[in-house]
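A.B. asks: So that we are looking at the same thing, I have put the structure below in structure tokens.
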Amino acid sequence: MAKKYAIVKELDEAVNLKDGTTVLQFETRLQGGLECGGAYLKYLRPQDAGWKPKEFDNESPYSIMFGPDKCGATNKLHFILKHKNPKSGEYIEHHLKYPPSVPSDKLTHVYTAILKPDNEVSILIDGEEKKKASFLSAEDFEPPLIPSKTIPDPDDKKPEDWDERAKIPDPDAVKPEDWDEDAPMEIEDEEAVKPESWLDDEPEEIDDPEATKPEDWDDEEDGEWEAPKIENPKCEIAPGCGEWKRPMKRNPAYKGKWSPPLIDNPSYKGIWKPQEIPNPNYFELEKPDFDPIAAIGIEIWTMQDGILFDNILIAKNDKVAESYRETTWKPKFEVEKEKQKAEDEAADSARLAGFQRKVFDVLYKVADIPFLSKYKHQILDLIEHAETQPNLTIGVLVSIVVIILTIFFKLIFGGKKQ
């Protein structure tokens with residue numbers, strides 16, 4: 001069941017993103033995996049932007065949204081910047097294009113976004129850079145932070161006589177006199193001959209001879225009982241049953257509905273587009289006008305529980321973030337990885353043990369086969385030996401197969417020479 005979660009923590013002092021480098025980093029562990037939902041953080045603007053801690057929800061204004069998001073075809077490490085257009089005053093969401101995907105395991109991972117003074121952002125997963133982008137590049141953010149200089153004129157209308165057809169039917173074309181539009185697509189193959197062994201009097205289906213009328217069948221209530229139909233077995237060995245009909249073949253005279261050929265349109269003007277006019281919301285930008293971060297919020301919609309967040313960090317030096325990764329995240333990750341490895345190996349051993357148990361059960365039944373009675377004691381000794389040393393299971397299987405094959409060949413060839 002999908003659920004929403006929201007919790008917010010105000011910072012003692014707002015963080016200015018316009019000065020120098022800013023590093024956003026946090027750890028998250030998806031204990032149950034992440035099939036559909038988010039595990040991201042929202043870095044909120046000051047409360048004078050119009051929100052209250054006790055009323056924190058998905059409408060609360062943020063500066064940056066960062067973290068994993070996965071559902072269906074969506075699998076990405078979100079990085080979204082909300083930036084104010086100085087001309088219109090409107091806040092626009094700018095999404096990082098082609099963000100990296102998130103790890104699919106259940107271990108703790110650390111996500112880092114480094115905002116640099118040269119307008120660059122670097123995205124790291126577990127300390128490894130996965131994406132680098134420029135805030136001012138239209139290739140890296142959608143929509144771009146800097147709007148286009150021109151926009152299509154919303155008041156421009158396509159002229160009524162504007163012709164967008166590149167090809168038109170030839171008005172001078174005439175349908176040929178011998179063109180028969182009524183000729184069928186297929187006709188009977190007059191050259192076909194009925195096979196000699198064709199069974200004219202045999203139906204394709206017959207009553208199932210093994211079917212019997214149910215004891216609780218009531219003719220008055222259920223109607224007259226009829227046996228279910230099955231395919232006529234006589235038809236399986238014959239070329240066919242029932243009434244023979246000539247097969248159909250394509251009609252060489254078929255031409256279909258006539259239509260005039262296409263020619264270049266002399267009135268063609270191309271695909272109409274409204275004319276471009278100066279964009280009233282266009283502005284120049286040397287650096288993003290980041291709003292400060294005053295709080296950190298977790299506001300997610302997810303279908304999984306057990307999402308853990310830890311070591312949420314905002315720093316002005318990427319060396320500080322690197323130190324946290326080395327001293328807090330990495331030791332934890334290594335322990336989890338070894339534990340996961342041990343659990344996987346234990347699960348594999350349990351599956352192998354279950355497989356071996358089934359193999360031994362089958363081998364005990366094999367030992368009871370009458371024509372192997374002479375070798376039953378030998379087979380049982382092999383099985384008991386394998387049960388005490390399970391790693392010998394494959395070898396025991398091979399040995400028993402050899403015994404069976406030996407008996408098989410003796411039965412076939414007896415004392416005959418090769």
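A.B. asks: Express in nm, to one decimal, how much length is gained between LYS167 and GLN275 on full extension, taking 0.36 nm for each residue of separation and deducting their alpha carbon distance. Show your work: numbers first, answer last.
C.D. replies: Details: separation 108, 0.36 × 108 = 38.88 nm, distance 2.46 nm.
Length gained, LYS167 through GLN275: 36.4 nm.
A.B. asks: Taking H as built 1.01 Å from N, whose amide H comes closer than 5 Å to the amide H of ASP163, not counting residues under 5 places away?
C.D. replies: LYS269
A.B. asks: Which order do ASP182, ASP344 take when ranked by solvent-accessible area (1.4 Å probe, heavy atoms of all protein chains), largest first?
C.D. replies: Numbers: ASP182 140, ASP344 75 Å².
From most exposed to least exposed: ASP182, ASP344.
A.B. asks: Using the Cα centre of the stretch 171-226 as origin and beta-carbon charges of +1 (Lys, Arg) and -1 (Asp, Glu), tell me which of VAL174, TRP217, SER197 is placed farthest towards the positive end of the dipole.
C.D. replies: Value: VAL174.
A.B. asks: Would you mind estimating how fast the chain diffuses translationally, via Stokes-Einstein at 37 °C and 0.692 mPa s with the Kirkwood radius over Cα pairs, in µm²/s?
C.D. replies: Working: Rh = 31.8 Å.
For these conditions, the coefficient is 103 µm²/s.
A.B. asks: Let me ask something else. At a probe size of 1.4 Å, how large is the accessible area of MET303, to the nearest 10 Å²?
C.D. replies: Accessible area of MET303: about 90 Å².
A.B. asks: Helix-only estimate, please: 222 nm mean residue ellipticity of the chain, summing -39500 (n - 2.57) across DSSP H runs of length 4 or more and dividing by its residues, to the nearest 500. Write out the running numbers ahead of the final one.
C.D. replies: Numbers: 6 runs with 88 residues, N = 418.
Dividing the helical sum by the residues of the chain leaves -7000 deg cm²/dmol.
A.B. asks: Here is a follow-up. List every residue whose amide H lies under 5 Å from the amide H of ALA295, counting only residues 5 or more places away in sequence or on a different chain, with H placed 1.01 Å from N in the peptide plane.
C.D. replies: Those lying under 5 Å, H to H, from ALA295 are LEU11, LEU44.
A.B. asks: Same structure again: Pick from HIS95, HIS78, HIS377: which is most flexible by mean-square fluctuation in a GNM of the chain where alpha carbon atoms under 10 Å apart are linked?
C.D. replies: In this elastic network of the chain, the residue with the biggest mean-square fluctuation among HIS95, HIS78, HIS377 is HIS377.
A.B. asks: Can you find, among SER373, MET303, SER323, the residue sitting farthest towards the positive end of the charge dipole of the stretch 225-376, where Lys and Arg contribute +1 and Asp and Glu -1 at Cβ?
C.D. replies: The residue sitting farthest along the positive end of the dipole is SER373.
A.B. asks: Viscosity 0.692 mPa s, temperature 37 °C: give me the Stokes-Einstein translational D for the stretch 1-157 in µm²/s, with Rh taken as the Kirkwood radius over C-alpha pairs.
C.D. replies: Estimated diffusion coefficient is 189 µm²/s.
A.B. asks: Per residue of the stretch 278-294, in order, report the coupling 6.51 cos²θ - 1.76 cosθ + 1.60 (Karplus, θ = phi - 60°) as ³J(HN,Hα) in whole Hz, putting x for Gly and Pro.
C.D. replies: So the Karplus estimates, Gly and Pro as x, are x, 6, x, 9, 6, 8, 7, 8, 9, 9, x, 8, 5, 7, x, 9, 10 Hz.
A.B. asks: Can you report the principal axis dimensions of the stretch 139-271 using only the alpha carbons, biggest first, rounded to whole angstrom?
C.D. replies: 84, 56, 37
A.B. asks: Taking the square root of 5 times each eigenvalue of the Cα gyration tensor, what semi-axes in Å does the equivalent ellipsoid of the stretch 233-319 have, largest first? Present the calculation step by step, with values, prior to reporting the outcome.
C.D. replies: Working: eigenvalues 985, 353, 25 Å².
With the √(5λ) rule applied to the stretch 233-319, the semi-axes are 70, 42, 11 Å.
A.B. asks: If you place +1 on the Cβ of every Lys and Arg, -1 on the Cβ of every Asp and Glu, and leave all else neutral, what size is the dipole of the chain about its Cα centre, to the nearest 20 Debye?
C.D. replies: Numbers: 56 positive and 86 negative charges, 715 e Å.
Using only the charged Cβ atoms, the result is roughly 3440 debye.
A.B. asks: Got a sec to turn the phi values of the stretch 190-205 into Karplus ³J(HN,Hα) couplings, 6.51 cos²θ - 1.76 cosθ + 1.60 with θ = phi - 60°, whole Hz, x for Gly and Pro?
C.D. replies: So the J values, rounded to whole Hz, are 5, 8, 5, 10, 5, x, 4, 8, 5, 9, 5, 8, 9, x, 5, 10.
A.B. asks: Largest first and to the nearest Å, give the Cα extent of the stretch 310-377 along each principal axis.
C.D. replies: 82, 16, 11
A.B. asks: OK, next. Among ILE237, ILE379, ILE123, which one shows the biggest mean-square fluctuation in a GNM of the chain, springs joining Cα atoms closer than 10 Å?
C.D. replies: ILE237
A.B. asks: Next question. Among LYS229, LYS97, LYS87, determine the one that fluctuates most according to a GNM of the chain built with springs between C-alpha atoms less than 10 Å apart.
C.D. replies: Among LYS229, LYS97, LYS87, the largest GNM mean-square fluctuation belongs to LYS229.
A.B. asks: Another question, then. Suppose R0 equals 22 Å; then what is the FRET efficiency for GLU196 and ASN251 from their Cβ-Cβ distance, rounded to the nearest 0.05?
C.D. replies: With R0 = 22 Å, the Cβ-Cβ based efficiency is 0.20.
A.B. asks: Please give the FRET efficiency for CYS71 paired with LYS9, using the beta carbon to beta carbon distance and R0 = 22 Å, rounded to the nearest 0.05. Please report the intermediate quantities before stating the final value.
C.D. replies: On the way: r = 26 Å, r/R0 = 1.18.
Plugging the Cβ-Cβ distance into 1/(1 + (r/R0)^6) gives 0.25.
A.B. asks: Rg(Cα) of the stretch 41-95 divided by 2.2 N^0.38 Å?
C.D. replies: Numbers: Rg = 12.9 Å, N = 55, 2.2 N^0.38 = 10.1 Å.
The stretch 41-95 yields a ratio of 1.28.
A.B. asks: Number of Lys pairs in the stretch 169-273 with C-alpha atoms less than 16 angstrom apart, excluding same-chain neighbours closer than eight positions? All intermediate terms of the calculation are to be shown ahead of the outcome.
C.D. replies: Numbers: LYS175/LYS255; LYS175/LYS257; LYS194/LYS245; LYS194/LYS249; LYS213/LYS229.
Lysine pairs meeting both conditions in the stretch 169-273 amount to 5.
A.B. asks: Tell me, what is the 1.4 Å probe accessible area of TYR254, in Å² to the nearest 10?
C.D. replies: Accessible area of TYR254: about 70 Å².
A.B. asks: Taking Rh as the Kirkwood radius computed over C-alpha pairs, what is the Stokes-Einstein D of the stretch 257-389 at 25 °C in a medium of viscosity 0.890 mPa s, expressed in µm² per second?
C.D. replies: Translational diffusion coefficient: 95 µm²/s.
A.B. asks: Grab the beta carbon distance between LYS18 and LYS339, set R0 = 35 Å, and tell me the FRET efficiency rounded to 0.05.
C.D. replies: Values: r = 43 Å, r/R0 = 1.23.
That pair, LYS18 with LYS339, gives E of 0.20.
A.B. asks: So what are the ³J(HN,Hα) numbers for the stretch 321-338, from phi and the Karplus equation (6.51, -1.76, 1.60; θ = phi - 60°), rounded to whole Hz, Gly and Pro as x?
C.D. replies: My calculation for the stretch 321-338 gives 5, 4, 5, 5, 5, 6, 9, 10, 7, 4, x, 4, 4, 5, 5, 4, 5, 5 Hz in order.
A.B. asks: Between the stretch 293-368 and the stretch 46-85, how many Å separate their Cα centres?
C.D. replies: 28
A.B. asks: Find out how many positive minus negative residues lie around LEU262, taking Lys and Arg as positive, Asp and Glu as negative, among other residues whose Cβ is under 9 Å from that of LEU262. Present the calculation step by step, with values, prior to reporting the outcome.
C.D. replies: On the way: positive: LYS167; negative: ASP170, ASP264.
Local net charge: -1.
A.B. asks: I'd like to know which of VAL362, ALA253, ASN265 lies farthest towards the positive end of the charge dipole of the chain, counting +1 on Cβ of Lys and Arg and -1 on Cβ of Asp and Glu.
C.D. replies: VAL362
A.B. asks: Follow-up question, since we're still on this one. Working out 0.36 nm times the residue gap between GLU220 and ASP57, then minus their Cα-Cα distance, what length gain in nm do you get to one decimal? Each step should come with its number before you reach the end.
C.D. replies: Values: separation 163, 0.36 × 163 = 58.68 nm, distance 6.75 nm.
Full extension of this stretch gives 51.9 nm more.
A.B. asks: Taking LYS3 as the anchor, which lysines have their alpha carbon closer than 24 Å to its alpha carbon, excluding any fewer than eight residues away along the same chain?
C.D. replies: Hits, sequence-local ones excluded: LYS42, LYS52, LYS54, LYS70, LYS76, LYS106.
A.B. asks: Label points 7 Å out from Cα along the Cβ direction at SER101 and ASP208: separation in nm?
C.D. replies: 4.8
A.B. asks: Using only Cα atoms, locate the centre of the stretch 209-258 and the centre of the stretch 104-124, then give the distance between them in Å, rounded to an integer.
C.D. replies: Between the Cα centres of the stretch 209-258 and the stretch 104-124 lies a distance of 67 Å.
A.B. asks: Something else: Would you mind computing the Rg to Rh ratio of the stretch 96-180 from its alpha-carbon coordinates, Kirkwood style for Rh? It would help to have the intermediate numbers written out before the result.
C.D. replies: Details: Rg = 27.3 Å, Rh = 19.0 Å.
Rounded to two decimals, Rg over Rh is 1.43.
The values are calculated or read from the model by the stated rules, or taken from the named source; none is laboratory data. Please read these numbers as outputs of a predicted model, since none were measured by experiment. When we count neighbours, we look across all protein chains shown, and the Cβ atoms used for this are built from the backbone with ideal geometry, even at glycine. Only protein heavy atoms, including side chains, enter the accessible area calculation; ligands, DNA and RNA are left aside. Shrake-Rupley method; radii C 1.70, N 1.55, O 1.52, S 1.80 Å.
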